[in-house]
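Bear in mind that the values in this text are calculations on the coordinates, not laboratory data. Since we're looking at a predicted model, the values are computed, not measured. Note that each Cβ is placed from the backbone with ideal geometry, even for glycine, and that neighbours are counted across all protein chains shown.
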Amino acid sequence: MEKIRLSKLMSEQGLCSRREADSYIERGWVLVDGLPVTELGTRILPTQTITLAAAARDRQEARVTILLHKPVGFVSGQAEKNYKPASTLVIADNHYSGDRSTLRFGPQHLRGLAPAGRLDIDSTGLLVLTQDGRIAKQLIGENSRVEKEYLVRVTGRLNAEGLAKLNHGLSLDGEALRPAKVSWQNRDQLRFVLRQGKKRQIRRMCELVGLTVTGLKRVRIGRVMLGDLPVGQWRYLRDDESF
């Protein structure tokens, strides 16, 4: 049996991200078969048991995940073309008054906070920002199958064949898309449920069947709903919630 890099195994087992794994290893917070490992690049057998020391678990528990209702005009990641990143909206004044979390907002909640997925500048809806590598991997990892639900306002005509193609039968960038769930929400709005997230995927899918998107809103990621969170405001992911 071939040995595998410890940090890779930790990521595959959902213990943390690979970057976090290296940090924990350097601190002596990773145990293999009960013994601490401190050397980066260590390889072990997949059958060996990996555990995290209490200090690592405490650090993970202190990390926050924030749910933001991103407005149009903000980019998901780094600032670009004079547009501000959505993370700049995570300030005390924009904290949703209906947040039922017991956490109190502080500057420590902004350190290492990064978007777990993208939402186009001209789209609105649920955006996840997290300090937790486990959640980031769950939502945007290579093997992620978490559903994302969108309400999409369109113009143009769509026949039964076009709707069938939206559900399964389109390709982008030379690659066949995974099956989707697409249905009419009302006469000018479609409901999309996807398990992947290519750049501007929904808009490009609609173009392929003769539709033009005039509005796009993400309303759900996994089991977490946007709900009544107002545009431009944010709240914490609660302990009783998971994607």
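In angstroms, what radius of gyration and Dmax does the range 22-163 have, counting Cα atoms only?
20.0, 64
Kirkwood hydrodynamic radius (Cα pairs, Å) of the range 37-79?
Kirkwood radius, the range 37-79: 15.0 Å.
Report the relative contact order of the range 1-100, percent, no decimals, based on alpha-carbon pairs under 8 angstrom and at least 6 residues apart. Display every interim value, and only then the final one.
Working: 99 pairs, mean separation 18.9, N = 100.
Relative contact order for the range 1-100 comes out at 19 percent.
Can you list the lysines whose alpha carbon is less than 17 Å from that of residue 217, not counting same-chain residues fewer than 8 positions off?
70, 148, 181, 198, 199
Calculated from DSSP H runs of 4 or more alone, at -39500 (n - 2.57) each and per residue, what is the 222 nm mean residue ellipticity of the chain, nearest 500?
It lands at -5500 deg cm²/dmol.
If I model a spin label as a point 7 Å beyond the Cα along the Cα-Cβ vector, how far apart are those points for residue 164 and residue 88 in nm?
Going by the 7 Å Cα→Cβ label model, 4.8 nm.
Evaluate 2.2 N^0.38 Å with N set to the residue count of the range 1-106, then give the Cα radius of gyration divided by it.
Computed over Cα atoms of the range 1-106, the ratio equals 1.46.
Per residue and in Å³, how big is the convex hull formed by the alpha-carbon atoms of the range 4-61?
66
Would you work out the relative contact order for the chain, in percent, from Cα pairs under 8 angstrom that are 6 or more residues apart?
22
Under the 0.36 nm per residue contour assumption, what length would be gained going from the current alpha-carbon distance of residue 186 and residue 53 to full extension? Walk me through the numbers on the way to the answer.
Working: separation 133, 0.36 × 133 = 47.88 nm, distance 5.22 nm.
Result for the pair: 42.7 nm of gain on full extension.
Stokes-Einstein diffusion coefficient for the chain at 10 °C in a medium of 1.306 mPa s, Rh from the Kirkwood formula over Cα pairs: what value in µm²/s?
For these conditions, the coefficient is 80 µm²/s.
Under a crude label model (7 Å from the Cα following the beta-carbon direction), how far is residue 26 from residue 110 in nanometres?
2.4
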